[in-house]
Each structure stands twice: as C-alpha cells, then as structure tokens.
Amino acid sequence: MSGPPLAAPPAPFPVILAGPSGAGKTTLRDRLLDEPGSPYLFSVSMTTRSPRPGEREGVDYRFVSHADFEALAKDGALLEHAAVHGERYGTPRDNLDRAREAGARLLLDIDVQGARQVRRAAPEAVSIFIVPPTADRIVRQLRGRGSETPAQLERRLAGARAELEAAAEFDYLVVNDRIEDAVAAVSSVVATHRGPAGRLGAADREYVARIVRELDRIRGEW
Ligand code: 5GP
C-alpha cells in the first residue's frame, strides 16, 4: 500500500565561519572540506580583488570586475555582499540552491557583515566565530603577508578589531589553538545544533574582549 508521499528531508543548514585574519579560518575550512565523506560544499564567493598566487578561478573565488560585481548585486544575484579592505565580496545566491540540490551543507567563509545578511536570508544557518587564542597570532598573520605598508597593516588591524567586536552576534565561539581541536569543535557544534542559539554567552564574550584588549595594547606599543 502506498501512503502519502514522504516530505523531502529538510536541507542541511548552512554553516557560516567568520572571524579576524589570523584565526586560521582558511586552514580550518580546508580541513572540514577535505575530511573523508565531508558533508560540506564550499561556498565559492565572487570578489573584485586580484587572485593571489596559487588561487584558482571558480575554486577559491570567482574573480570579477567591479562593473560585473555591481551588475550582479543590482540583479539580486548575490545572497549577501560586503566591502572588505576596499574590495567587494559576495555570495552568489545559486550557491545555496546548489547545496540544497546536492543535499550538501553549504560552508561559508565570509566576513561579519556578510554573516549578518546570511543570518537574515537563511535563519536556519548556524554561525560560528573563530578566534585565535592570542592577539599576537592576529598581528603575526597580518605582518606575515609582508607586502603591506604600515598604514595598510594598521587598517587591517583595525579591521580585525572590528570583526572581533561583532563576535557576540554569533551562535558559537570556537578557539583555534590546535587545528585538530578546532575541526572537532566545529563538527561537534554542527552535530548538536538544533536551532538558533542566539548570542554568545558571557564567558565567550569575555574571551573575545581579552583578545581585543591585547590587540589594543600591541597597537599602542607601536
Ligand atoms: P581574503 O581577501 O583574504 O580572501 O578575504 C578577506 C575577507 O573577506 C575574509 O574575512 C573573508 O572571510 C571575507 N569574504 C570572503 N568571501 C566573502 C563573501 O562572499 N562575502 C563576504 N561578506 N565576505 C567574504
């Protein structure tokens, strides 16, 4: 006997990773994508910035001109978009549809402005803020690129501080000290998440506030 058609299972909720440079977000993201049987589909963003050595078109980003980016944003083809360090970044709306069709979990590596917009457009998404254990890691990472002028470095540090200031809006905080632990922490959050968790708790907010204080102290010493 055939009963009523079964409803399609709900699509896996998207996972948003955000956090300041130096948090090791890219490594974490790659590890999640490379795990055997990974349920994730990486959300390839559009950007107006130039490719860095080794970055591949359509894999790391879709590199577009400012004019094309504007046209896509105007047409509503982007789920969210933001300006970061003077360049434009955005998530193609299609990425969400593609993940739904594939039954995969969309993994977004975006900034805090984008995270805010995705939470509005896809309230089922879980948002995870990634921090390093110390402010020093942020400074070292930003210095490590080596190509920045002091003014650019200061702008990037101010950007990192602004990202940290938005941490409280996220559902969860993951401290990336040992990468294996951070991967396990994200996997555990995703496995146990049952709905909007809301803002970070007091202990997590204090953890981030400490990093902000450290960052301010380091910047003050220059
Ligand atoms: P990068 O240029 O170093 O690859 O990325 C700079 C920042 O832009 C990172 O914080 C990254 O997470 C963010 N980003 C990358 N793609 C997107 C996107 O599609 N939307 C938003 N809002 N931010 C993005």
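The values are calculated or read from the model by the stated rules, or taken from the named source; none is laboratory data. Keep in mind it's a predicted model, so treat the numbers as computed, not measured. Cβ sites come from the backbone with ideal geometry, for glycine too, and all protein chains shown count toward neighbours. Side chains included, ligands, DNA and RNA excluded: accessible areas come from the protein's heavy atoms. Shrake-Rupley method; radii C 1.70, N 1.55, O 1.52, S 1.80 Å.
Summary table
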| item | result |
| --- | --- |
| Approximate spin-label separation Thr27-Ala197, in nm, with each point projected 7 Å along Cα-to-Cβ | 2.2 |
| Calculated log₁₀ intensity ratio I(q)/I(0) where the Debye formula runs over C-alpha points of region 154-222, q = 0.12, 0.28 Å⁻¹ | -0.39, -1.24 |
| Mean ellipticity per residue at 222 nm, deg cm²/dmol - from DSSP H runs of n ≥ 4 across the chain, formula -39500 (n - 2.57) | -14000 deg cm²/dmol |
| Residues with amide H under 5 Å from that of Arg88, placed H, sequence gap 5 or more | Thr48, Arg49 |
| Karplus (6.51, -1.76, 1.60) ³J(HN,Hα), θ = phi - 60°, over region 209-217, in Hz, Gly and Pro reported as x | 4, 5, 5, 4, 4, 4, 4, 5, 5 |
| GNM result for the chain, Cα springs below 10 Å: residue of Ala115, Ala151, Ala11 fluctuating most strongly | Ala151 |
| Semi-axes of the equivalent ellipsoid for the chain, Cα gyration tensor, largest first, Å | 30, 22, 16 |
| Debye equation applied to the C-alpha atoms of region 92-196, log10 I(q)/I(0) at 0.10, 0.18, 0.21 Å⁻¹ | -0.36, -1.03, -1.22 |
| Cleavage-rule hits (GluC sites (Glu not before Pro)) in region 71-139: DSSP loop, at most 13 neighbouring Cβ within 10 angstrom | Glu124 |
| Gained length - Glu206 relative to Ala151, 0.36 nm times residue gap less alpha-carbon distance | 16.9 nm |
| Principal-axis tilt of helix 112-121 within the chain, Cα atoms, nearest 10 degrees | 20 |
| Å² per residue, accessible surface of the chain at 1.4 Å | 52 |
| Cβ-derived FRET efficiency at R0 30 Å, Ala158 paired with Ser187, nearest 0.05 | 0.40 |
| Cα shape, region 27-100, gyration tensor, a/c 1.5 rule | oblate |
| Computed Rg/Rh of region 57-113, alpha carbon atoms with Kirkwood Rh | 0.96 |
| Restricting region 36-81 to trypsin sites (Lys or Arg not before Pro) in coil, as DSSP defines it, with at most 16 other Cβ within 10 Å | Arg49, Arg56 |
| Accessible-area value, Ser65, 1.4 Å probe, nucleic acids and ligands omitted, Å² | 50 |
| Qualifying GluC sites (Glu not before Pro) for region 148-222 [loop in DSSP, other Cβ within 10 Å: at most 10] | Glu221 |
| Top of Pro51, Pro123, Pro150 by mean-square fluctuation, Gaussian network on the chain, Cα under 10 Å | Pro150 |
| Choice from Arg105, Arg119, Arg52 with maximal GNM fluctuation in the chain (Cα, 10 Å cutoff) | Arg52 |
| Val44 - accessible surface, heavy atoms, 1.4 Å probe, Å² rounded to 10 | 20 |
| Spin-label pair Ala67/Trp222, simplified geometry with 7 Å Cα→Cβ offset, distance in nm | 3.7 |
| Integer Hz, Karplus 6.51/-1.76/1.60 couplings in order for region 95-100, x for Gly and Pro | 4, 5, 5, 4, 5, 4 |
| Karplus 3J(HN,Hα) series, Hz, for region 184-193 with 6.51 cos²θ - 1.76 cosθ + 1.60 (x for Gly, Pro) | 5, 5, 5, 4, 5, 4, 5, 5, 9, 5 |
